[in-house]
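Report on the structure given below.
Please treat every number below as a calculation from the coordinates, not as lab data. Please read these numbers as outputs of a predicted model, since none were measured by experiment. FYI the Cβ positions are ideal-geometry reconstructions off the backbone, even for glycines, and counts take in every protein chain you see.
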Amino acid sequence: MANDPIHQFHINRLVPLDFNGVDLSFTNSSLFMVIAATGVSAFLVWATSGRGLVPSRVQSVAEMSYEFISGMLRDAAGSEGMKFFPFVFSLFMFILMANLVGMFPYFFTVTSHLVVTAALALLVFVIVLVVGLMRNGLHFFRLFVPSGIPIILMPLVVAIEVISFLTRPVSHSVRLFANMLAGHITIKVFAGFIVSLGAFGAVGAAGAVLPLLMTIALTALEFLVAFLQAYVFAMLTCIYINDALHPGGH
Amino acid sequence: MTLTITLAGRAWASEGTATQEDSATVAETHAATEAAHGEAATFPPFDPAYFASQLLWLAITFGLFYWFMSRVAIPRIAGILEVRRDRISGDLDDAQRMRDEADAAHAAYEHELAAARARASSIAQESGDRARAQAEAERRKVEAGLAARLQEAEARIDAIRKKALAEVDAIASDTTAAIVKELVGATATKAEIAKAVGAAAKRDEAR
């Protein structure tokens with residue numbers, strides 16, 4: 001079991017709940033969602049409790065995350081996009097915290113389950129669709145008709161654009177999910193090698209240094225990936241929101 | 001779901017554990033693992049048994065998280081940044097205002113200085129002019145006095161000369177009469193003497 005790299009993704013019921021035959025138990029996944037959400041909330045409240053004119057270290061971290069996301073959203077979607085700032089900020093902070101919390105040994109990684117990332121990606125997709133249609137009406141479909149394309153190529157290009165639009169939630173969710181899943185499996189596999197080699201006496205223990213170094217390097221890489229994937233998810237959300245607000249202009 | 005199950009099965013197999021198809025027949029070593037998990041070896045991220053639970057709790061936690069972020073956390077950070085921006089722009093405005101004031105004071109000083117300099121130079125000019133005019137007037141007065149005295153002196157010299165010249169004729173006549181009397185022994189008449197003296201004088205002038 002210790003060597004099973006898949007074990008970390010198992011969901012365990014902590015508080016069993018059954019609603020008309022549908023299992024709605026409070027699981028370890030739910031627990032870590034709560035931990036991620038309360039962790040970010042508590043951090044931001046604590047960091048801003050000083051309300052310093054000259055920020056303390058933690059306060060400047062909170063301010064940096066705020067300005068990082070607001071800058072990203074404004075660059076991608078313009079000042080109109082700032083209406084979606086709380087949403088993008090929540091997405092980024094929630095995913096980042098879930099990814100980072102998952103880096104603790106024995107902790108569960110919420111974003112390593114496709115259903116979670118798919119739900120978030122579909123939420124973005126539906127918001128983009130609804131906002132795009134409400135703001136622009138049928139002009140929203142100009143998104144699928146790039147300007148400056150010969151009329152003969154038009155059906156082909158429009159078909160490609162429509163398909164790429166519809167597959168957005170897939171790529172959006174699978175990118176985050178697969179990165180977290182693969183990274184955690186890889187770390188676990190290499191960590192398992194340490195234990196396995198350690199069982200072969202002195203030579204094995206000496207050889208176990210190599211997978212140990214690999215595990216350390218991968219752990220560092222995974223911290224980067226944890227941040228990067230949250231960033232990519234938020235960045236793509238900004239770009240999609242821009243499509244909803246300005247479907248004509250690319 | 002067959003797709004995910006076979007996918008999961010392959011992943012399972014590659015990790016060296018029982019696949020779902022094999023699970024019934026494969027070695028007992030895995031039976032314990034299976035039992036611990038309490039269910040068939042579905043790859044956990046694709047196990048639909050927990051989809052509903054995950055979606056529900058994601059909706060609850062993310063919903064509350066979004067609410068908290070938009071109502072509490074973001075306004076707090078935005079407030080802090082706003083206050084700082086206001087403070088900085090206020091300070092910059094103050095600095096600008098003070099610099100404007102300093103510039104105005106400097107301009108006023110320059111203006112005052114220029115005015116004072118102009119006044120000083122005009123006073124100097126004026127007093128110089130006045131002194132020059134005074135000196136000129138003085139000079140004219142002295143010159144006029146000198147010219148008057150010169151004229152007077154010339155007139156007096158003229159008169160003296162005229163008198164002297166007049167006396168020269170008389171002296172010449174007397175001398176001539178005396179010489180004639182001594183040399184010739186006869187007295188000449190006054191008219192003759194005067195005639196001779198006049199002729200001599202004419203001769204002198206001609207020469």
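Structure data summary
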item: Mean Cβ neighbour count within 10 Å, used as a protection proxy, ranking B:64-72, B:155-163, A:205-213 highest first; result: B:64-72, A:205-213, B:155-163
item: Student exercise, segment B:48-160 dipole from Lys, Arg, Asp, Glu Cβ charges, in Debye to nearest 20; result: 520
item: Gaussian network model of chain A, Cα within-10 Å springs - most flexible of A:Val116, A:Val124, A:Val157; result: A:Val157
item: Sum of -39500 (n - 2.57) over DSSP H runs of 4+, divided by residues of the protein assembly as shown (222 nm, nearest 500); result: -26000 deg cm²/dmol
item: Among A:Val158, A:Ala118, A:Gly39 the positive-end extreme of the charge dipole of segment A:7-245 (Cβ point charges); result: A:Gly39
item: Lys, Arg +1 and Asp, Glu -1 on Cβ, resulting dipole of segment A:7-245 about Cα centre, debye, nearest 20; result: 100
item: Value of Rg to Rh for segment A:7-245 (Rh from inverse mean 1/r over Cα pairs, i.e. Kirkwood); result: 1.06
item: Solution diffusion estimate, µm²/s, Stokes-Einstein, segment A:30-74, Kirkwood Rh from C-alpha pairs, 20 °C, viscosity 1.002 mPa s; result: 187
item: Peptide A:108-118, shielding by other chains (average Cβ, 10 Å cutoff); result: 4
item: On Cα atoms only, tilt of A:168-198 relative to the major axis of chain A in degrees; result: 10
item: Full-extension gain in nm, A:Phe19 to A:Tyr106, via 0.36 nm per residue minus C-alpha separation; result: 28.4 nm
item: Potential lengthening between A:Val209 and A:Glu80 on full extension [0.36 nm per residue; Cα-Cα distance subtracted]; result: 41.1 nm
item: Two-site FRET efficiency, A:Leu166 against A:Val45, from Cβ-Cβ distance with R₀ of 51 Å, rounded to 0.05; result: 0.80
item: Using a Förster distance of 45 Å, the FRET efficiency for B:Glu112-B:Glu143 (Cβ separation, nearest 0.05); result: 0.50
item: Highest-MSF residue in chain A out of A:Ala121, A:Ala98, A:Ala202 [GNM, Cα springs under 10 Å]; result: A:Ala202
